[in-house]
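Here is the structure we will look at.
Please treat every number below as a calculation from the coordinates, not as lab data. Worth saying up front: this structure is predicted, and the values here are computed from it rather than measured. Every residue, glycine among them, receives a Cβ derived from its backbone with ideal geometry; neighbour counts consider all protein chains shown.
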Amino acid sequence: MNKIDGKLFAEMIAAGANNLSQNAEYVDSLNVFPVPDGDTGTNMNLSMSSGAKETKEHVEAHIGNVGKAFSKGLLMGARGNSGVILSQLFRGFSKSIETCEDIDAKKFAKAFDSGVKTAYKAVMKPVEGTILTVAREASEHATEIAQSTDDVIVVMEAIVEAGNASLKRTPDLLPVLKEVGVVDSGGQGLVYVYEGFLAMMKGEKIAEPVNVKMDENFINDDHDFGDVVKTEDIVPGFCTEFMVRFKSGMKPFDEDEFRNDMANFGDSLLVISDDEIVKTHVHSETPGEALTYGSQYGEIIKIKVENMREQHREVLRKRGIKQEAKVVDKAVVTISMGEGITQLFESIGATHVISGGQTMNPSTEDIVKVIESSKCKEAIILPNNKNIIMAAEQAASVVDIPVVVIPTKTIPQGLSALLRYTPEAELEENQTAMAEAISHVKSGSVTYAVRDTSIEGVDIEKGAYMGLFESKIKVADFDQAKVCQQLLDAMIDEDSEIVTIIAGEEADEEQVNALTEYIEDRYEDVEVEVHQGQQPIYSFIFAVE
């Protein structure tokens, strides 16, 4: 095969997206930290699917035009760092071929090289042993092979071969990967895309995913809210879906017992099981508790939690029913997880709150839509998650007004930065003050492990509680109170003045009171504040200032 035109490229994109989709669950499982929100596969899948959808609507013979559509779809659908980097790889690729009717082997290889250069420029501090390394080494091999062949299939085979070889080497470049025993998740996702490309070029059928019948999606993303007008009437508020892969030595699975027990967590219950997996859908106010219950049967392999109240607000917006004024001169857009945290952000100055964070990263398009609908003249974005910063920066580059991104990586950093916001100040003044505020707050969180592992000297068993200080796991134990206390001891020092406890949906009043007493008894000069965050997955979030 000597040429690739637009129609073939569109088929390659569809095959790449399909292959990634079928393997997204495995990519999620490669998350280094054993937390319940490993979402690289999910983010890359949603990003690639957005690109494939846009491509499908613009299929033609001119490969440059197809590339433009693919790049646009990826750009707007990009979620998480991995999704943004994927969008940048194919942004550079598509830019390289934008004037071409079709491309030969050398132009094909050059397009991959252009994509790598664009992606590296987009990342402020590129780290080797990641998706970037896999893309670069695959591209370098392709460029070398293209000098001695006119066959585009041979070039694509070189990319897949070198990509897989590079992927296997990622643990040698990133010690944490070797310690945990996994390859880089983003690199693995990219290889699945490349393998899909190659399969289509060779006329090969992509294998069906294992247990495909269990992977049917029975969440309706646009829930039927009927005539409900008030968002607060949506109770239970979280549409929760998860899968459990049964594991020997865990509690034996009985579908009737499981279904009866799950009914205690909410309504709209649907349970499907076979000999290996159970898939559950339930509307609940406490999705974290439902997930904890499910984990006693085996390993949770896929999680999806959607805030239906946030969805309802969007439905009302589309119907023209306004619940609150959204049009502002100066927008402060923040990402939140949990109804209580959302209310907290709004109470201290956020004009727009996007539901997302740990369980579902918002896309570039999600952020762009909020900014554009606000009709604002300038905007500030608080991502509050390291995996959302790049999507926020990409959104800032798309809109036509001045936008700054404050690089907040946690909810406490977002709250601390927002407290320094002054509506009357110039954009640059607020940017300086809010960015400076980040350095004065320490962030901690408590969640549970979804698998056994050992990382940075901490041995972790599946189901144990983990205490994370910034981005490091400090303690793991089955005693939640012990984990909270040891985490707080690591965070509080002689300069600490205020400790803020943000209680998740799983935390009860007794636990909160016990923690408050512990801090007040042990640290007499420290003031304690408590907020009901109602966040899923993380039973406690701590801020120390």
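Dipole magnitude for the chain: computed about the Cα centre from +1 point charges on Lys and Arg Cβ and -1 point charges on Asp and Glu Cβ, it is near 2300 debye.
Here the ratio of the Cα radius of gyration of segment 145-205 to 2.2 N^0.38 Å is 1.31.
In this structure, the pairs whose alpha-carbon distance is over 18 Å, taken from 56/107; 53/279; 279/304, are 56/107; 53/279. Annotation: aspartates and glutamates with alpha-carbon distance below 20 angstrom to residue 110 (same-chain offsets under eight excluded): 5, 98, 101, 102, 137, 140, 144, 150, 151, 157, 161, 195.
Segment 259-298 and segment 487-545 have Cα centres separated by 30 Å.
Pairs of Cα atoms nearer than 8 Å and 6+ residues apart set the relative contact order; for segment 227-309 it is 48 percent. Modelled spin labels at residue 530 and residue 452, positioned 7 Å past Cα toward Cβ, are 3.7 nm from each other. Highest average first, the peptides 84-90, 408-414, 391-397 ordered by how many other beta carbon atoms sit within 10 Å of their residues are 84-90, 408-414, 391-397. Using the Karplus relation 6.51 cos²θ - 1.76 cosθ + 1.60 with θ = phi - 60°, the per-residue 3J(HN,Hα) values for segment 426-432 come to 5, 4, 5, 5, 5, 4, 5 Hz, with x marking Gly and Pro. Say the cut-off is 19 Å between C-alpha atoms; which of 302/472; 3/72; 330/369; 125/386 go over it? Over 19 Å Cα-Cα: 302/472; 3/72.
The calculated pair-distance distribution of the chain uses every alpha carbon pair, bins of 20 angstrom beginning at 0, and gives 21, 54, 24, 1 percent.
Applying 0.36 nm per residue to the separation of residue 328 and residue 274 and subtracting their alpha-carbon distance, the gain on full extension is 14.3 nm. Each of 67, 336, 361 was placed along the dipole of the chain (beta-carbon charges, centred on the mean Cα), and the one lying farthest toward the positive end is 67. Sorting 121-129, 435-443 by their mean Cβ neighbour count within 10 Å, with the most densely packed peptide first, gives 435-443, 121-129. Compute the label zone of residue 378 within segment 416-448: residues whose backbone N is under 15 Å from the point 7 Å along Cα-to-Cβ. Flagged as within label range: 421-435.
If you wrap segment 78-174 in the convex hull of its Cα atoms and look at it from every side, the mean projected area works out to 6.3 nm².
In a reduced charge model with +1 at each Lys and Arg Cβ and -1 at each Asp and Glu Cβ, segment 227-309 shows a dipole moment near 320 debye about its Cα centre. Segment 57-86 to segment 363-428: how many Å between their Cα centroids? After rounding, the separation between the Cα centres reads 23 Å.
Here the relative contact order of the chain, from alpha carbon pairs under 8 Å that lie six or more residues apart, stands at 12 percent. Specify whether the C-alpha gyration tensor of segment 325-440 places it in the rounded, prolate or oblate class, a ≥ b ≥ c being the square roots of the eigenvalues: rounded for a/c under 1.5, otherwise prolate if a/b is larger than b/c and oblate if not. Cα axes put segment 325-440 in the rounded bin.
Residue 542 sits among other residues whose Cβ lies under 13 Å from its own Cβ, and their net charge, with Lys and Arg +1 and Asp and Glu -1, is -2.
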